[in-house]
Amino acid sequence: VYPGRDESLAPVTDPAILAAIRARYGLSGPYLLYIGTLHPRKNLTRLIHAFARLLSQLPNSPTPQLPNSLQLVLAGKRGWLYDDILAQVRRLGLEERVIFTGYVPDPDKPALLSGASAFVFPSLYEGFGIPVVEAMACGTPVVCSNTSSLPEVAGDAALLVDPLDVDAIAGAMAHVVSDADLRRELGQRGLRQARRFSWDRCARETLAVIERAAGGID
């Protein structure tokens, strides 16, 4: 039985709201977004490395749609062993390109997700992956790991990558950022996929399991 999602999450298209959220978090250009706690299981050091690799390709990129002002936004509170994540940004000289927002309150999530060029979630392991469902519910294209629960949760609505392969992560980000048609297609698929997850469905299916189990008791 799948858990549900916050059904208040939906695409935000109002330019004024999107501009306000960008101003609130100091975002000056198009951005890739991660939301979650900052700790090693989320694989953020490789994500930052992949982002640096993507930026290094921009001057020689055959794909002019890749924006030179691209930013990576890491939204969420600091968890255990987060120092390596901050150090990785400094080592790669990305202080102006990687934005740490800290904890993002729920009312800000829809606009922050809707304004992103893609939601990137290269986690090493997930029990489910609620942030992926939240991104899909906002119509945001998703790049996520091809491991643990994430392929099942994302279905055909995401670009799946090996979370241990920095080049694969960088390539997927470049693909989705530079291809508007792909972003639209993934966004539409994501909206359909997100509808599979609701607390009403979770409750009905859980009740059905309990009733089947109770029916087998003498």
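The values are calculated or read from the model by the stated rules, or taken from the named source; none is laboratory data. Please read all numbers here as calculations on a predicted model, not as lab measurements. Here the Cβ positions follow ideal geometry from the backbone for every residue, glycine too, while neighbour counts run over all protein chains shown. To get the accessible areas, we keep the full protein, side chains included, count just its heavy atoms, and leave off ligands, DNA and RNA. Shrake-Rupley method; radii C 1.70, N 1.55, O 1.52, S 1.80 Å.
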(request) May I ask for the net charge around Glu205, where only other residues with Cβ less than 13 Å from the Cβ of Glu205 are counted and Lys, Arg are +1 while Asp, Glu are -1? (result) +2
(message) Just checking my list [x] 8, 34, 36, 14, 5, 2, 1, 0; [y] 7, 24, 19, 10, 10, 11, 9, 7, 3, 0; [z] 6, 20, 21, 19, 15, 9, 5, 2, 1, 0 against P(r) over Cα pairs in 10 Å bins from 0, in percent computed from this structure; which label fits?
(response) [x]
(request) Kindly state, to the nearest 0.05, the FRET efficiency for Tyr2 paired with Ala214, given R0 = 25 Å and r defined as their beta-carbon distance. (result) 0.70
(message) Can you tell me the length gained on complete extension of the stretch Arg90 to Ser149, counting 0.36 nm per residue apart and subtracting the Cα distance?
(response) 18.1 nm
(request) Kindly sort Tyr103, Tyr31, Tyr82, Tyr25 by accessible area of their heavy atoms, largest first, with the probe set to 1.4 Å. (result) Tyr103, Tyr82, Tyr25, Tyr31
(request) Would you check the accessible area of Lys42, probe 1.4 Å, heavy atoms only, in square angstrom rounded to 10? (result) 20 Å²
(message) Please list, in order, the residues from segment 12-47 whose amide nitrogen is less than 19 Å from a point placed 7 Å along the Cα→Cβ vector of Asn68.
(response) 28-32
(message) If you count only protein heavy atoms with a 1.4 Å probe, what accessible area per residue comes out for the chain, rounded to a whole Å²?
(response) 48 Å²
(message) Within 13 Å, Cβ to Cβ, of Thr140, how many net charges do the neighbouring residues add up to if Lys/Arg are +1 and Asp/Glu are -1?
(response) +2
(request) Mind checking the full-extension length gain between Glu205 and Asp83? Use 0.36 nm per residue of separation minus the Cα-Cα distance, one decimal, nm. (result) 39.7 nm
(request) Return the inverse of the average 1/r over all pairs of distinct C-alpha atoms in segment 162-218, which is the Kirkwood hydrodynamic radius, in Å to one decimal. (result) 15.0 Å
(message) How would segment 1-101 be classified by its alpha-carbon gyration tensor: rounded, prolate or oblate, with rounded meaning a/c under 1.5 and the a/b versus b/c comparison settling the rest?
(response) oblate
(request) Can you sort His175, His49, His39 by 1.4 Å-probe accessible area, starting with the largest? (result) His175, His49, His39
(request) Report P(r) for segment 80-119: all Cα-Cα distances, bin width 5 Å, range 0 to the bin holding the largest distance, values in whole percent. (result) 5, 18, 21, 20, 18, 16, 2
